[in-house]
1. Which of the residues spanning the stretch 1-52 are surrounded by 20 or more Cβ atoms within 10 Å (Cβ to Cβ), part of a loop (DSSP other than H, G, I, E, B) and charged (D, E, K, R)?
2. What about residue 69, is it in a loop (DSSP other than H, G, I, E, B), open to solvent by less than 50 Å² (accessible area, probe 1.4 Å) and not small (Gly, Ala, Ser)?
3. Restricting attention to the stretch 73-102, which residues are within 29 Å of residue 19 (Cβ to Cβ), of a type outside the set (Val, Ile, Thr) and open to solvent by 60 Å² or more (accessible area, probe 1.4 Å)?
Amino acid sequence: MGILPMYRGMDVIEWPILLEDWKNLGITIHFMDKGVDTGDILKVHYIPQRKGDTIKTIRLRFEPVMVEQLSNVVVDLLYEKIKGEPQNINDGKQFFVMSKRLQDITKNKLNRYQTG
């Protein structure tokens, strides 16, 4: 989960919401390397939020999308339709597990954004 290179690490659904970066919710399929989410990017898939979303429903909605997109990328790799693109790891930040206080603020921001 998360849009690379902007959001690497943990709780990458919550951090863009906390930062009110609504356009950067989604997933990135990438190669693994020695860094934290720093491998070459194969595909970025943005997933817009829906009215009534909670952090839990967003995460649940992302899971089947991740499986579907990963399957598509594996097929594309087998047929050499795509290749990894290096990411500039200086463009983003590494995020860590969000504290309970920040989780509460994030939930409130999500609610306020949806009610306009």
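The values are calculated or read from the model by the stated rules, or taken from the named source; none is laboratory data. Computed from a prediction, not measured in an experiment: that's the story for all the values here. Methodologically, a virtual Cβ is constructed for each residue, glycine included, from the backbone with ideal geometry; neighbour enumeration extends over all protein chains shown. These area figures cover heavy atoms from the full protein model, side chains too; ligands, DNA and RNA do not enter into them. Shrake-Rupley method; radii C 1.70, N 1.55, O 1.52, S 1.80 Å.
1. Hits for the stretch 1-52 are 11, 37.
2. No: the conditions fail for residue 69.
3. Within the stretch 73-102, 85, 86, 88, 90, 91, 93, 94, 96, 100, 101 meet the criteria.
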